[in-house]
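So the structure is just underneath, and the comments pick up after that.
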Amino acid sequence: MSLVRIALRMLAVKALKDRTVAGANVLDSEIGILGEDENGLNIKPEKGRFIAVYTDDAEAKPDEQRAFHENGLVNLCLEYGVTDAMREEVDDPDHPGRKMQVIFPTIPHASRMHDFYLDILGRQIRSGLSDGKNEAAEVLRGLIRRVVKVTCERAGSDRTGERVAAQKLTFTVDALQDPQFLQDVPEGAPFSRFLALLAAGDADDQKLGALILDQIPVSPEDLEEARERIGLTLTELGSLGFEYVPDADEDSEISNVTIDVAGGQPVEVGT
């Protein structure tokens, strides 16, 4: 589990809700909303206009250390589609008393409107995630070192009596490392601001925020913290001269130290 990947998805949803033509229908990790059968591409018609957010492949290269909390490059994916079934009948403002079919508000439906709708929505997504006045978008960008690549894929089909088109917008981002200990989440840091957004949200957000916080332990004592961050085993730590003294506790005192000297006699050092 990656806490930062969770944060990227949830923040993208919050950043885009009610800020695009998809309205509030921005979905976290929705499975099966876009599919394909013998007739080609299909969209669950009951979803109406939508954006589906999920994270896909990730790759991290943590140098020589055994850093299991690195996220590295993460694919943040957003899927959205349009189908003839999404048409709505509304009053024609240019011809009083008449009706017209629309997918994009105020514009009569035609075949060209499918790609127009997708490209407008894709633009709104990019603008929403870049919005400096949107707290969720601000926090999301704070969890990303840089955007490495942006790809946009299109799929479409002409099903029986129904044209369908969809796009998948993928941002390959260099994500921050997961917070390993609570001291990695200081007040004002991006991940701390993410938790604050959840705490200020609805009951589900608050429960999810509490569960996420439970995964971040209090920092251990200095030596153990350093060992866990670097990924050293106890044997490796001992070979560096930092092994633990058996049965010692926080009240134990060191009375003397023996230093092994290669090719010579051990040296006793008293306190």
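The values are calculated or read from the model by the stated rules, or taken from the named source; none is laboratory data. Note that the coordinates shown come from a computational prediction; the quantities given were computed from them, not determined experimentally. FYI the Cβ positions are ideal-geometry reconstructions off the backbone, even for glycines, and counts take in every protein chain you see.
Overview of values
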| read-out | value |
| --- | --- |
| Residues being of a type in the set (G, A, S) and within 20 Å of V164 (Cα to Cα) - total across the stretch 99-134 | 3 |
| Residue that is at pLDDT 85 or above, in contact with a helix residue (DSSP H, G or I) (Cβ under 7 Å, 6 or more places away or on another chain), hydrophobic (A, V, I, L, M, F, W, C) and within 22 Å of R154 (Cα to Cα), where the choices are L118, L78, L140 | L78 |
| Pair list, Cβ < 6 Å and 6+ apart or interchain, from the stretch 124-139 residues that are closer than 15 Å to R9 by Cα to residues that are part of a loop (DSSP other than H, G, I, E, B) | G128/R19; A137/D131 |
| Filtered residues of the stretch 160-217 (kept if under 16 Å from the mean Cα position of the chain (by Cα) and polar (S, T, N, Q)) | T170, T172, Q177, S192 |
| Test: residue in the stretch 158-165 that is of a type in the set (D, E, K, R) and either free of Cβ contacts under 8 Å to residues at least 12 places away in the same chain or in contact with a Phe, Trp or Tyr (Cβ under 7 Å, 6 or more places away or on another chain) (or both) | no |
| Members of the stretch 167-222 that are exposed (fewer than 12 other Cβ atoms within 10 Å of the Cβ) and among the aliphatic types (A, V, I, L, M) | A200, A203, L211, V218 |
| Subset tally (residues that are in a helix (DSSP H, G or I), more than 15 Å from I6 (Cα to Cα) and not acidic (D, E)) for the stretch 160-190 | 2 |
| Those residues of the stretch 166-189 which are out of contact with any Ser or Thr (no Cβ under 7 Å at 6 or more places or on another chain) and either without any contact (Cβ under 8 Å) to a residue 60 or more places away in the chain or of a type in the set (S, T, Y) (or both), in sequence order | T172, D184, E187, G188, A189 |
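So that you can scan it fast, the table gives a plain yes or no per residue for (1) small (G, A, S); (2) loosely packed, with under 12 Cβ neighbours inside 10 Å; (3) at negative phi; (4) not in a strand (DSSP E or B):
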site	(1), (2), (3), (4)
E79	no, no, yes, no
Q101	no, no, yes, no
F104	no, no, yes, yes
A110	yes, yes, yes, yes
D115	no, no, yes, yes
V139	no, no, yes, yes
C152	no, no, yes, no
